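One structure is given below, encoded as structure tokens.
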Amino acid sequence: MVRRYLRLLGIQLKASGLLAVQYRADFFTEGLTSLFWTFTALAPLFVVYGERPVVEGWSFGEALLVVGWFTLLQGILEGAINPSLTGVVEHIRKGTLDFVLLKPADAQFLVSTQRFLPWRAFNVLTGLGLFVYAFSRLGRWPSVPGLLSSVLLLGTSTLLLYSLWILTVSAAFYVVRVDNLTYLFTSIFDFARWPSSVFKGVAKGALTLVFTYVIPLALMTTFPAEAMLGRLPLHALAGAVVGAVVFAWLARRVWLHSIGHYTSASS
């Protein structure tokens with residue numbers, strides 16, 4: 001079963017890759033554009049740290065790690081998660097999801113892997129470059145346990161992003177148009193470029209609680225950065241893993257329940 005789905009994933013990746021290289025100029029143009037927007041996103045960080053060396057316990061080099069994680073996850077979101085799942089909304093709107101549901105494979109897997117944007121890999125490479133630059137400024141490198149913890153958190157962060165997007169898209173089975181919800185989610189995700197402790201003074205830390213437990217942005221960028229720095233407590237690491245699994249389970253249950261409300265074009 002696992003081998004079958006891995007083969008299906010390989011087919012979907014190959015199809016997306018062939019579609020992308022059909023227009024080579026667009027492929028490299030989009031890649032350079034992604035790179036440009038990544039560097040412009042660093043501007044607020046330079047402005048803030050131009051006035052002070054440390055913000056809420058985070059130096060410039062340490063904050064760069066958070067931006068690196070944000071950039072890396074943004075590449076995963078816009079390159080692998082968003083392109084596939086936004087197509088679900090169109091299927092629901094047109095009543096053509098039948099073509100997916102009738103296939104002899106899990107519908108959630110099929111809609112989650114139907115399209116990829118390979119040029120977003122530039123964001124992933126840029127994120128890795130920011131890690132190297134950040135640690136060169138800090139004058140040290142992450143420990144082996146820190147690296148292993150951050151790799152584990154990369155998996156949990158990706159799972160959280162995917163689960164939150166599944167929950168957002170599932171709303172389309174009830175309200176059809178979820179454009180505003182997707183724009184809202186993308187806008188909220190921009191907060192993840194900052195360490196979560198920055199929001200402690202806002203509304204008596206209410207945003208910190210929201211970004212940790214409701215929309216767990218801190219688990220996606222701040223926790224992995226702290227793991228790289230070797231200052232993430234073991235209980236926080238365990239909590240991140242458990243939280244990601246819970247969100248994935250909830251997203252799966254909501255997806256299955258939402259399919260029961262789907263009305264095809266023939267109905």
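The values are calculated or read from the model by the stated rules, or taken from the named source; none is laboratory data. This is a predicted model, so every value here is computed, not measured. Glycine gets a Cβ as well: all are built from the backbone with ideal geometry, and neighbour counts include every protein chain shown. Surface accessibility is based on the protein's heavy atoms, side chains included, excluding ligands, DNA and RNA. Shrake-Rupley method; radii C 1.70, N 1.55, O 1.52, S 1.80 Å.
Scanning the stretch 245-267 for residues that are modelled with pLDDT of 90 or more and small (Gly, Ala, Ser) yields Ala248, Ala251. Could you please let me know if Pro233 is farther than 21 Å from Thr86 by Cα and modelled with pLDDT of 85 or more? Criteria met by Pro233. Only residues that are surrounded by 16 or more Cβ atoms within 10 Å (Cβ to Cβ) and under 19 Å from Ser84 (Cβ atoms) were counted in the stretch 123-176, giving 19. Among the residues of the stretch 225-257, just one is touching a residue at least 12 places away in the same chain (Cβ under 8 Å), surrounded by fewer than 16 Cβ atoms within 10 Å (Cβ to Cβ) and not in a helix (DSSP H, G or I), namely Gly230. When the residues of the stretch 6-36 are filtered to those that are among the hydroxyl-bearing types (Ser, Thr, Tyr) and open to solvent by less than 50 Å² (accessible area, probe 1.4 Å), the one that is modelled with the lowest pLDDT is Ser34.
Take the residues of the stretch 93-107 that are in a helix (DSSP H, G or I) and open to solvent by less than 20 Å² (accessible area, probe 1.4 Å): which is modelled with the lowest pLDDT?
Ranking the candidates gives Val100 first.
Val111: within 15 Å of Gln74 (Cβ to Cβ) and either assigned to a helix (DSSP H, G or I) or under 15 Å from the mean Cα position of the chain (by Cα) (or both), yes or no? No; evaluated as a whole, the condition is false for this residue. Say we look at the stretch 37-80 and pick out the residues that are in contact (Cβ under 8 Å) with a residue 40 or more places away in the chain and not in a helix (DSSP H, G or I); which of these is surrounded by the most Cβ atoms within 10 Å (Cβ to Cβ)? In this case the residue turns out to be Trp58.
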